[in-house]
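*Asks:* Please see the structure below; I have some questions.
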Amino acid sequence: MIYGKLDCFEAMGLASLGDAVAHAVEWIRGLPADLEEGRLALDGDQIYALVVRCATVSPVESRFETHRRYVDLHYTLAGLEVIEWASRDALANDGEYDSEKDVLYHKPGPALATTVNAPGYFSIFTPTDAHRPAIRIEGNEQVFKLVVKIAIERFGMPNHHERFKTQPILA
C-alpha cells in the first residue's frame with residue numbers, strides 16, 4: 001500500500017511506479033469540476049477509472065478485498081473515508097475469486113494500517129494488499145471518489161521483469 005497527498009506524488013519518488021501511474025496522476029490533476037459518476041477509459045481496459053459516490057459504513061459492513069488483474073489507485077474528490085489495509089496472506093478467503101469483477105473478498109481480520117482519505121489524498125493497492133474501503137468517519141456519511149484501475153502488467157517500471165532475470169554464471 002502507498003498513501004499520500006497527490007500534490008506530493010513526485011516528491012515522494014512515486015514517478016518510479018511507471019508511465020501508467022504517471023498517466024493516471026496527470027489525468028486526475030486535469031479532472032473537470034463537474035465530473036459525473038461512471039466508468040471512464042484512460043487507456044481502454046488497461047487503465048480506466050470508476051467514478052463513484054457511495055455511502056460510508058461501519059467496519060463490520062465493509063469487507064476486505066483484493067484484485068488479481070489490476071492495481072487500485074483510490075483518490076478522494078469530496079467527503080472522507082477510512083480505508084483499512086492488511087496483507088492478503090493474513091486473511092482467509094470469503095468465497096471464490098470473481099474473475100469477471102476481478103475481486104476476491106476476505107473474512108474479517110485485523111487491519112495492519114489505516115488511511116484517512118480526504119480530498120486530494122490517494123491510496124494505491126497492489127494484488128497483495130487487502131483493503132477495506134468506504135469506512136465511515138463520524139459526520140461523513142458519503143464519499144465521492146474515483147478508483148483508477150491499472151492493469152498489473154502496466155504497473156511499475158518499463159521492462160521491470162527483464163531487469164531481474166537471473167544471469168548465467170560463467171566459469
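*Asks:* Non-local amide H neighbours of Leu77 (under 5 Å, H modeled in plane, Pro and chain starts lacking H): which ones?
*Replies:* The answer is Phe144, Lys145, Leu146.
*Asks:* What whole-number value in Å² describes the accessible area per residue of the chain for a 1.4 Å probe?
*Replies:* Details: 9490 Å² over 171 residues.
With the other protein chains kept in place, the chain gives 55 Å² per residue.
*Asks:* Regarding the chain, what is the average projected area of its C-alpha convex hull, in nm²?
*Replies:* Details: hull surface 48.8 nm².
Taking a quarter of the hull surface, the average projection is 12.2 nm².
*Asks:* Can I ask one more? Given the rule -39500 (n - 2.57) for each run of at least 4 DSSP H residues, summed and divided by the residues of the chain, what is its mean residue ellipticity at 222 nm, to the nearest 500 deg cm²/dmol? Don't jump to the answer; show the numbers that get you there.
*Replies:* Details: 2 runs with 15 residues, N = 171.
That comes out to -2500 deg cm²/dmol.
*Asks:* In the chain, carbon and sulfur make up what percent of the accessible area (probe 1.4 Å)? Mind showing how you got there, number by number?
*Replies:* Numbers: 4970 of 9490 Å².
About 52 percent, which is the carbon plus sulfur part of the accessible surface.
*Asks:* Quick one: which residues, 5 or more positions from Val57 or on another chain, have an amide H under 5 Å from its amide H? H modelled 1.01 Å from N in the peptide plane, none for Pro or chain starts.
*Replies:* Ile135, Arg136
*Asks:* Roughly how many Å² of Tyr75 are accessible to a 1.4 Å probe, to the nearest 10?
*Replies:* So the heavy atoms of Tyr75 present about 30 Å² to solvent.
*Asks:* Something else: Could you grab the relative contact order for the chain? Cα pairs under 8 Å, six or more apart, rounded to a whole percent. Can you show the working numbers first?
*Replies:* Numbers: 357 pairs, mean separation 61.4, N = 171.
Across the chain, relative contact order equals 36 percent.
*Asks:* Leaving ligands and nucleic acids out of the surface, order Lys149, Lys107 by accessible area at 1.4 Å, largest first. Walk me through the intermediate numbers first.
*Replies:* Values: Lys149 15, Lys107 100 Å².
The ranking, largest first, comes out as Lys107, Lys149.
*Asks:* If you don't mind, there's one more thing I want to ask. So what are the ³J(HN,Hα) numbers for the stretch 75-87, from phi and the Karplus equation (6.51, -1.76, 1.60; θ = phi - 60°), rounded to whole Hz, Gly and Pro as x?
*Replies:* 3J(HN,Hα) across the stretch 75-87, in whole Hz: 9, 8, 9, 8, x, 9, 8, 9, 10, 8, 10, 8, 5.
*Asks:* Follow-up question, since we're still on this one. Work out from phi, with θ = phi - 60° and the Karplus expression 6.51 cos²θ - 1.76 cosθ + 1.60, the ³J(HN,Hα) of each residue of the stretch 23-30, listed in order in whole Hz, and give x for Gly and Pro.
*Replies:* 4, 5, 5, 4, 4, 4, 4, x
*Asks:* Tell me whether the stretch 31-103 comes out rounded, prolate or oblate; compute the Cα gyration tensor, take square roots of the eigenvalues as a ≥ b ≥ c, and use a/c under 1.5 as the rounded threshold. Can you show the working numbers first?
*Replies:* Working: a/c = 2.29, a/b = 1.31, b/c = 1.75.
Verdict is oblate for the stretch 31-103.
*Asks:* Could you go through the stretch 40-53 in sequence order and give the Karplus-derived ³J(HN,Hα) for each residue, using 6.51 cos²θ - 1.76 cosθ + 1.60 with θ = phi - 60°, rounded to whole Hz, and x for Gly and Pro?
*Replies:* 10, 7, 9, 7, x, 8, 6, 9, 8, 10, 9, 9, 9, 10
*Asks:* Using amide H atoms built 1.01 Å from N in the peptide plane, name the residues 5+ places from Gly4, or on other chains, whose amide H lies under 5 Å from its own.
*Replies:* Here the answer is Phe122, since their amide H atoms fall under 5 Å of that of Gly4.
The values are calculated or read from the model by the stated rules, or taken from the named source; none is laboratory data. Quick caveat, the model's predicted, so the values are computed rather than measured. Please note that ligands, DNA and RNA were not included when accessible areas were found on the heavy atoms of the full protein model with its side chains. Shrake-Rupley method; radii C 1.70, N 1.55, O 1.52, S 1.80 Å.
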